[in-house]
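Just below is one structure, and these are the notes that go with it.
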Amino acid sequence: MERDQIRQGSIEMLGAMLISGSIGWFVLASGQPVPDVVFWRCVFGAATLLSICAALGFLRPGILSWRTLGLAMLGGVAIVANWVLLFASYSKASIAIATVVYNTQPFMLVALGALFLRERITWGQMGWLLLAFGGMLAIVQSKAGPGYVDGNYFVGLGLALAAAFLYAIAALVTKRLTGTPPHLIALIQVSLGILLLAPLANLGDPPSGLSAWGSLITMGIVHTGLMYVLLYKAIQKLPTVITGTLSFVYPIAAIAVDWVAFGHHLAWLQWLGVAAILVAAVGTEVSRSLKKQTPQEGDGREWNKARS
């Protein structure tokens, strides 16, 4: 039974990560300004998550305290801003490079944990951090491909790094929400996103054409609602080590999508940097998971792996 559960959870986790890896394609295919993309993602995502939460009985009174609501909203500000910056980086540094740079977030989370939670940084974690830093240098030193002029490539790298930092902030806040239904937290966050982005979105001139609406609706229903469902079902079944390892299917899928959809080929030095960052990120996740693992942790009830 446990083996079947791990197999099913692994399939669900792979599905969630493959969905996440394709989101950049839909962001660019929508042809909309980034604030509009995130706004409509939040609108359709909120509608989907509202239905899911209602079906699961998460809308009953008293399920949230004011403190929990406040923390969820604080994390929501970081998550929504993280989406805006990450989506903006796609058109400047390419989906592949932006996604890989975005996956420096585990190292930022380690640093924030040491700073605010007094978690000790081990020599092993320091080694992974140095490897990832070397990977970043390899990516930055490599010449940008055609179409990245006027410093746009480096602006894209900066936006992806800023997005990763905001995600780490959100994950740190989420650590305080243990026991709260994650689907409900996600609903709060996308609902907050609607309010935050409504003044910035061009609502007077909404998207036109089936292609634009199709991309936006897909991001809301599939990349938000369905992805969250698959992700949370998976992490309830998988040991944390497997969850952390499989989560790096996401950047690999993004690299493949960028190659197939937009023909963006990485230089050999960039491939070396990508490999260094991904290996270091997997090593950080696995070592951290093994360190924190307890006899009761087999249910893997961490949920803050939603990376896009």
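Just to check your reading of the model, which residue among Ile255, Ile188 is closer than 24 Å to Ala29 by Cα and in a helix (DSSP H, G or I)? Give the steps one after another, and end with the answer.
Values: Ile188 fails: closer than 24 Å to Ala29 by Cα.
Testing whether each residue is closer than 24 Å to Ala29 by Cα and in a helix (DSSP H, G or I) leaves just Ile255.
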- Please state which one of Ser30, Ser20, Ser91 is more than 25 Å from Leu172 (Cβ to Cβ), in contact (Cβ under 8 Å) with a residue 60 or more places away in the chain, touching a helix residue (DSSP H, G or I) at 6+ places or on another chain (Cβ under 6 Å) and not β-branched (Val, Ile, Thr). Ser30
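Report yes if some residue within segment 202-211 is surrounded by fewer than 24 Cβ atoms within 10 Å (Cβ to Cβ) and among the acidic types (Asp, Glu); otherwise report no.
yes
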- Message: Would you confirm, using the coordinates I've provided, whether Val279 is under 19 Å from the mean Cα position of the chain (by Cα), modelled with pLDDT of 80 or more, closer than 28 Å to Ile139 by Cβ and not in a loop (DSSP other than H, G, I, E, B)?
- Response: yes
- Message: Give all pairs with beta carbons closer than 6 Å in which a residue from segment 244-264 that is at pLDDT below 85 meets a residue that is surrounded by 19 or more Cβ atoms within 10 Å (Cβ to Cβ) and among the acidic types (Asp, Glu); count only pairs at least 6 apart in sequence or on separate chains.
- Response: Gly244/Glu285; His264/Asp258
- Task: Report whether or not Ile169 is more than 11 Å from Ala72 (Cα to Cα), assigned to a helix (DSSP H, G or I) and at pLDDT below 95.
- Result: yes
- Whichever residue in segment 246-274 is β-branched (Val, Ile, Thr) and touching a helix residue (DSSP H, G or I) at 6+ places or on another chain (Cβ under 6 Å) and, among such residues, is nearest to Pro181 (Cα to Cα): Val249
- Within segment 44-79, restricting attention to residues that are under 16 Å from Met227 (Cβ atoms) and β-branched (Val, Ile, Thr), which residue is surrounded by the most Cβ atoms within 10 Å (Cβ to Cβ)? Ile79
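The values are calculated or read from the model by the stated rules, or taken from the named source; none is laboratory data. This structure is a prediction, so every number in the text was calculated from the model and none was measured. Glycine also receives a Cβ, built like all others from the backbone with ideal geometry; neighbour counts cover every protein chain displayed.
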